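Quick notes on the structure that follows.
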Amino acid sequence: MTANLKHALFCAFITLIISYPILGFDLKGRGTSVALEGVDISTSIGVLLAVVIVFVFQLYRDTIMGSVRQLPAINPLANREPMEQSKRLKLESILLTLMVIGAVIWPFIASRGAVDLATLVLIYIMLALGLNVVVGLAGLLDLGYVAFYAVGAYSFALLSQYFGISFWFALPIGAGLAALFGLVLGFPVLRLRGDYLAIVTLGFGEIIRILLNNMTSLTGGPNGIGGIPDPTLFGMEFSRLIKEEGNTSFHETFGIAYSGEHKVIFLYLIALVLAVITAVAIRRLMRMPVGRAWEALREDEIAAKSLGLSRTAVKLSAFTIGAFFAGFAGTVFASKQGFISPESFVFLESAIILAIVVLGGMGSQMGVILAAIAVTILPELAREFSEYRMLIFGAAMVLMMVWRPQGLMPMRRIHIELKRQE
Amino acid sequence: MLVLEDVHTHYGKIEALHGVSVEVNKGEIVSLIGANGAGKTTLLMTVCGNPQATSGRIIFQGHDITRDMTSNIMRSGIAIVPEGRRVFSGLTVEENLHMGGFFNTKAEIRKSQNHVYELFPRLKEREHQRAGTMSGGEQQMLAIGRALMSKPNMIILDEPSLGLAPLVIKQIFEIIGQLREEGITVFLVEQNAHQALNLADRGYVLETGRIRLHDTGKNLLSNPDVQNAYLGG
């Protein structure tokens, strides 16, 4: 009991010193100076109440947790038998088909805002699938992944600004350039592993962002680049007035009234096609020898080397392919926004993409896709809570990791089931 | 087939091998025995080019491989079963085997896979099981099978009996004898001196980075020095 009392007192004290300075004071401007004021009495009471609750809970922690454990399990799925493989594969393919069909119908039933958000979701799916190759399959912790995203976006923006290159030409160029950057980053980090690799990639991500910020003459620095053209459909533009000579406009060709929504839907569909291409391509790669080589290197580097695999080639291929798809996503992002600045490529983006991969279950495509949807939509749904929305987002992530530490849908390999012996 | 001529290897400034010369002829089983820290694993790793020898020459099938990259050496007809097995525990048995035949065609992989399953029927039973869930002996079989998948001319085994039950060790050594009959040259590194020398055509005794003795397996077994030091008197 004394141990509990000590612990409870300590926790209550921590609660007090954390919450009171943050909630209990207010900065007020008085003319030119700023004054610190205590806030009204209700906040103080709230803080005090929180302290008391923490104290009581910690004091009777064992009894409370004991009675909680008596309750029937909240998660009905916790103790179920794993699904049979044949069933699971069938379910997965049905689910995937439904998802794609749903995604195709979506823009025609949802509002413009929802379609826009869905495009963002698709961009994140592409990013997360790409990072999944690097982190989930090859086991290389990359904290600067957003750099390749930036390379893709900026190469489209710059190419269109200086050379008037259209979306469709910029797409492979942007992805290719990002892949090249992946290759270039790959070389110095070949010998690094784990934490060290994470630090170097983190630095690389920042280098790219700071470069973009400071090469004002080329990239416009913090002002960014605007006026990035929208993609065209076989020379048909989606704007009301034709911007480029030789193009026709979409609504005139088909004889329908102009609507701003056409463009949004078209972009969404492009993103959808590219996301599907990304998913299928990576799925193929995973089953090819190179995919197995990634996994082998992740599992045991020495064993992989003893089989004659070249560490250089395997790691570089993972980095390059991951970066390639980030470049893909970056080009779509630039086109969607019409304006990009280094602000869009801060470290937080890398962290969110990594969170998607971890939440989804490393290496599992289905899980990563679901997590990308959840992580992008959740903050939007929580908008009603205004300033607390990131708090709710964080809490949801913590709960998620407690509930399913291995991710939403951990990677499962195809296997043959043995008959249970009677 | 494999010749080491006066090989020196350094870890940083410390010399671990002080001029080792070893010769393994085609179709033989050669055992290398020695105490902990004698440099047995270092010698093997030097053959694989990781770390590379600082001086001396290593010749495999007539080619000087002293300065070759590990990945190229491992593709040139040598296969190694690393110490502590090192199977890919998250991959299935079959996937592990396929990793072993990474640079072969599909038809070749299928052929050598069947061959490995003939040698180790146990692996066939466990084909789709994750390697990490198998017993130590089964993992050792898998490690040997994986090394065989590349159809090597020579196989190097680093302490295959490590941490295994006597009965399993006996099985493993039987398989090693079988490999010789198939024409695969075997270079065996062991602490389990009795069984290793019993099986071997010739043997080397390594002590603190130098070859101390070199003779046929039978002679070494009856050598009083070897008996005192490695066979428990």
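The values are calculated or read from the model by the stated rules, or taken from the named source; none is laboratory data. This structure is a prediction, so every number in the text was calculated from the model and none was measured. Heads up, the Cβs are rebuilt from the backbone with ideal geometry, glycines too, and the neighbour counts pull from every protein chain shown. Protein only, heavy atoms only, side chains kept; ligands, DNA and RNA dropped before computing areas. Shrake-Rupley method; radii C 1.70, N 1.55, O 1.52, S 1.80 Å.
Values as computed for the structure displayed
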read-out: Amide H contacts of A:VAL346 (H built 1.01 Å from N, under 5 Å, at least 5 apart or other chain); value: none
read-out: Net lengthening on full extension, A:PHE108/A:SER93 (0.36 nm per residue, minus Cα-Cα); value: 3.0 nm
read-out: Extreme residue, positive dipole direction of the protein assembly as shown, given options B:HIS18, B:ILE80, A:PHE167 (C-beta unit charges); value: B:ILE80
read-out: Rg over Rh [alpha-carbon atoms, Kirkwood Rh] for chain B; value: 0.96
read-out: Exercise: per-residue mean of other protein chain Cβ atoms within 10 Å, B:198-210; value: 0
read-out: DSSP beta bridge pairing in the protein assembly as shown, given as percent antiparallel to the nearest 5; value: 60 percent
read-out: Among the listed pairs A:LYS90/A:LYS305; B:LYS26/B:LYS111; A:LYS87/B:LYS111; B:LYS40/B:LYS170, those beyond 25 Å (Cα-Cα); value: A:LYS90/A:LYS305; A:LYS87/B:LYS111
read-out: Per-residue average of Cβ from other chains inside 10 Å of A:376-385; value: 0
read-out: Interchain or long-range residues, amide H under 5 Å from B:HIS10's placed H; value: B:ALA16, B:THR54
read-out: Cα-derived Rg to Rh of the range B:86-139, Kirkwood definition; value: 0.95
read-out: Computed label-point distance, nm, for sites B:THR216 and A:ARG61 using a 7 Å Cα→Cβ extension; value: 7.2 nm
read-out: Partner lysines for A:LYS336 [C-alpha distance under 30 Å; skip if fewer than 8 residues away on the same chain]; value: A:LYS243, A:LYS263
read-out: Highest-fluctuation residue, A:PRO21, A:PRO231, A:PRO342 considered, GNM on chain A with Cα pairs under 10 Å; value: A:PRO21
read-out: Using θ = phi - 60° and Karplus 6.51 cos²θ - 1.76 cosθ + 1.60, couplings along the range A:369-374 (whole Hz; Gly, Pro as x); value: 5, 4, 5, 4, 5, 4
read-out: Segments A:273-280, A:316-323 sorted - mean Cβ within 10 Å per residue, highest first; value: A:316-323, A:273-280
read-out: Assigned charges on the beta-carbon of Lys, Arg, Asp, Glu; the protein assembly as shown dipole about Cα centre (debye); value: 660 debye
read-out: Ranked packing of A:151-159, B:223-231, B:201-209, A:2-10, most packed first, by mean Cβ within 10 Å; value: A:151-159, B:201-209, B:223-231, A:2-10
read-out: Amide H within-cut-off set for B:ASP215, under 5 Å, with H built and near neighbours excluded; value: B:GLY203
read-out: All Cα pairs of the range A:2-72, percent lying beyond 14 Å; value: 67 percent
read-out: Peptide-level mean, for A:292-302, of C-beta atoms on other protein chains within 10 Å; value: 5
read-out: Ordering of B:73-80, B:175-182 by packing [mean C-beta count within 10 Å, highest first]; value: B:73-80, B:175-182
read-out: Modelled FRET efficiency - R0 25 Å, B:GLU127 with B:PHE103, Cβ distances, 0.05 increments; value: 0.70
read-out: ³J(HN,Hα) computed for each position of the range B:155-164 - Karplus, 6.51 cos²θ - 1.76 cosθ + 1.60, integer Hz, glycine/proline x; value: 10, 10, 10, 9, 6, x, 8, 4, x, 10
read-out: Over chain A: helical MRE at 222 nm, DSSP H runs n ≥ 4 each giving -39500 (n - 2.57), nearest 500; value: -22500 deg cm²/dmol
read-out: Convex hull volume per residue in cubic angstrom - Cα atoms of the range B:1-63; value: 77 Å³
read-out: Size of electric dipole in the range A:188-323: Cβ of Lys, Arg +1 and of Asp, Glu -1, about Cα centre, debye, nearest 20; value: 660 debye
read-out: Per-residue ³J(HN,Hα) for the range A:278-290, Karplus 6.51 cos²θ - 1.76 cosθ + 1.60, θ = phi - 60°, Hz, x for Gly and Pro; value: 4, 4, 5, 4, 5, 4, 4, 4, 4, 8, 7, x, 5
read-out: The range A:89-403 pair-distance distribution - Cα-Cα, 10 Å bins, rounded %; value: 6, 26, 34, 24, 9, 2, 0
read-out: Solvent-accessible area buried by B and A, counting both chains, probe 1.4 angstrom, square angstrom; value: 2000 Å²
read-out: Between the range B:39-95 and the range A:148-180, the Cα center-to-center distance that results, in Å; value: 43 Å
read-out: Longest to shortest principal axis, alpha-carbon extents of the protein assembly as shown, angstrom; value: 97, 80, 62
read-out: The range A:2-72 - percent relative contact order, Cα under 8 Å, separation 6 or more; value: 41 percent
read-out: Heavy-atom surface of the range A:2-72, accessible at 1.4 Å and reported per residue (Å²); value: 76 Å²
